[in-house]
Amino acid sequence: MSITTHATITTKPETFDEFHQYIKVELAMTRESAGCRSIHCSSDKETNTLKFVGVWDDIDSFNAYSERRQERSGEIIARLLAEDGMEVVFHNTDDWGYGPEYKSSDDILTL
């Protein structure tokens, strides 16, 4: 079973654009990390927030990535984020058959 991460990052108002550009490039490292199945980002400059949704093989894969991210970008991220500017929440991923084994709604019995 995989896990889904929901991360909310809040930048300092004056550093939003810099962080947005930085992380745009850096997400390639995230996507190439062992255990990362997908990573998506949405952003809102008005609130200085970026929201990331990732799917990982397991919590160990995410934790190993987090350690590498801290080593690689920790100082830069600390300079750009607001105080308490990062929150990560973990959930089990529900796989309801929308992957390779997908069946159309015509193939599914109604309840």
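Every number in this text was worked out from the coordinates using simple rules, so none of it is lab data. None of these values were measured; they are calculated from a predicted model. Positions of Cβ are backbone-derived with ideal geometry, glycine not excepted, and every protein chain shown enters the neighbour counts.
Couple of notes before you dig in:
- Using a cutoff of 8 angstrom between alpha carbon atoms and counting only pairs six or more residues apart, the relative contact order for segment 3-95 works out to 48 percent.
- Spin-label pair Ala78-Glu14: with each label point 7 Å from Cα along the Cα-Cβ axis, the two points sit 2.0 nm from one another.
- Helix 59-80 and the longest principal axis of the Cα set of the chain meet at an angle near 30°.
- Take the chain and mark each of the GluC sites (Glu not before Pro) that is in a DSSP loop with at most 13 other Cβ atoms within 10 Å; the longest unmarked stretch, sites excluded, is 33-100.
- Extension gain, Thr49 back to Arg68 (0.36 nm per residue minus Cα-Cα distance, nm): 4.6 nm
- Angle in degrees between helix 16-31 and the longest Cα principal axis of the chain, rounded to the nearest 10: 50
- Of Leu81, Thr15, Leu50, farthest towards positive along the dipole that unit charges on Lys, Arg, Asp, Glu beta carbons give segment 3-95: Thr15
- Size of charge dipole - the chain - debye, nearest 20, with Cβ of Lys, Arg +1 and Asp, Glu -1, no other charges: 260
- Length gained on full extension, Glu32 to Asp57, computed as 0.36 nm times the residue gap minus the Cα-Cα distance: 7.7 nm.
- Each stretch of four or more DSSP H residues adds -39500 (n - 2.57); spread over every residue of the chain, this sum gives -11500 deg cm²/dmol at 222 nm.
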